[in-house]
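Enquirer: The structure follows.
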Amino acid sequence: MNKSMIFLVLMGALTMQGCQQKAGDSVQTGTGDAKVETTVTDLRVCEVRLGDLTFTHALNGGDTCVEVRDKETLAFRCTEGRDMFCDPNEGKLTNNTVPALFMEVDNTRPFTFTAKVTPEFTENGLYNAADLLVFANDTLWQKLCFEQDERGQHRIVTVRTQGTSDDNNHEKLTASVVYLKFSSDTHTLASYYSLDKKEWQMVRLYKNYYPAKIYVGVASQCPKAGSCTSLFEEISLEQTTVSDFRLGN
């Protein structure tokens, strides 16, 4: 093979590689100090209808783990060993196997995503939780959870991931059902919970550094033993933001 032919073959290979970025390729995302190495995620197209909403994308087979009840309730079953966490300690506890359902959101516009959640808490269900998610890719996301902790108590938990995850325990609750909410005005993203959908408690607020196209969604997690079937009701996605970020209304 002459030198001209070798050159053409190499150029063709490089062109194909640039046009076919697959899951697992690293890319830079975010702006300013939020730039991190991320992994492109291959979300699978699906169609799960719940009332007036349609979940259009699934992660880890999320569309095969749900049952729509009475057109308004989503029962989401997760088997043991499935979680969503990017361990900062050399990845020793990293687990990105949680099944999830998503809807695409235009992040250049305000949005508010709300759901009433009922996780399945059990005696051995350590870290069982119902989650709301804001998701860009495998290593750029946040989850807002109603979760069972190490002492068997039930509390609000948030996990924010930029390359690796942090892990934050918030209020302990005696209720079995809670409302969770994300709201963004395009500049700021805030996380809330409420017991009555009237009085909201803010648990987290930070700069909305996510890209223009993101996904919001729901998941049920069961990192340890047994299974966890979480119920999601009164799910709403609106292209508006809260009027007061501190009060959540």
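Enquirer: Confirm whether Cys78 is modelled with pLDDT of 95 or more and either among the aliphatic types (A, V, I, L, M) or touching a Cys at 6+ places or on another chain (Cβ under 7 Å) (or both). If you could, list the steps in order and put the result at the bottom.
Expert: Values: modelled with pLDDT of 95 or more: yes; either among the aliphatic types (A, V, I, L, M) or touching a Cys at 6+ places or on another chain (Cβ under 7 Å) (or both): yes.
Yes, satisfied.
Enquirer: Tell me the residue from Leu237, Leu133 that is surrounded by fewer than 18 Cβ atoms within 10 Å (Cβ to Cβ), at pLDDT 95 or above, outside any loop (DSSP other than H, G, I, E, B) and of a type in the set (A, V, I, L, M, F, W, C), please. Spell out how you get there, then give the answer.
Expert: Details: Leu133 fails: surrounded by fewer than 18 Cβ atoms within 10 Å (Cβ to Cβ).
Only one candidate passes the filter, namely Leu237.
Enquirer: Only one residue in Tyr192, Tyr210 is surrounded by 14 or more Cβ atoms within 10 Å (Cβ to Cβ), part of a loop (DSSP other than H, G, I, E, B), at pLDDT 95 or above and under 16 Å from the mean Cα position of the chain (by Cα), so which one is that? Explain how you work it out, then say what you get.
Expert: Details: Tyr192 fails: part of a loop (DSSP other than H, G, I, E, B).
Step by step, each of Tyr192, Tyr210 is checked, and only Tyr210 is surrounded by 14 or more Cβ atoms within 10 Å (Cβ to Cβ), part of a loop (DSSP other than H, G, I, E, B), at pLDDT 95 or above and under 16 Å from the mean Cα position of the chain (by Cα).
Enquirer: Among the residues of the range 161-186, how many are among the polar types (S, T, N, Q), farther than 27 Å from Gln239 by Cβ and in a loop (DSSP other than H, G, I, E, B)?
Expert: Of all residues in the range 161-186, those among the polar types (S, T, N, Q) come to 161-162, 164-165, 168-169, 174, 176, 183-184, 186.
Still in the running and farther than 27 Å from Gln239 by Cβ: 164-165, 168-169, 174, 176.
Next, from what is left, pick out any that are in a loop (DSSP other than H, G, I, E, B): 174, 176.
Result for the range 161-186: 2.
Enquirer: Of the residues Arg160, Arg151, only one is more than 25 Å from Thr54 (Cα to Cα) and touching a residue at least 12 places away in the same chain (Cβ under 8 Å); which? Step through it out loud before you land on a result.
Expert: Working: Arg151 fails: touching a residue at least 12 places away in the same chain (Cβ under 8 Å).
Sole residue among the options that is more than 25 Å from Thr54 (Cα to Cα) and touching a residue at least 12 places away in the same chain (Cβ under 8 Å): Arg160.
Enquirer: Separate question: Of the conditions (1) touching a residue at least 40 places away in the same chain (Cβ under 8 Å); (2) at positive phi, Ser191 fails just one. Which one is it?
Expert: It is condition (2) that Ser191 fails.
Enquirer: Is there a residue in the range 97-105 that is in a loop (DSSP other than H, G, I, E, B), among the β-branched types (Val, Ile, Thr) and within 18 Å of the chain's Cα centre (by Cα)? Explain how you work it out, then say what you get.
Expert: Here is the first cut: in the range 97-105, the residues in a loop (DSSP other than H, G, I, E, B) are 97-99.
If we keep only those that are among the β-branched types (Val, Ile, Thr) as well, we get 97-98.
Next, from what is left, pick out any that are within 18 Å of the chain's Cα centre (by Cα): 97-98.
Taking every residue of the range 97-105 in turn, at least one turns out to be in a loop (DSSP other than H, G, I, E, B), among the β-branched types (Val, Ile, Thr) and within 18 Å of the chain's Cα centre (by Cα).
The values are calculated or read from the model by the stated rules, or taken from the named source; none is laboratory data. Everything numeric in this text was worked out from a predicted model, so none of it was measured. Please note: Cβ atoms are built from the backbone with ideal geometry, for glycine as well, and neighbour counts cover all protein chains shown.
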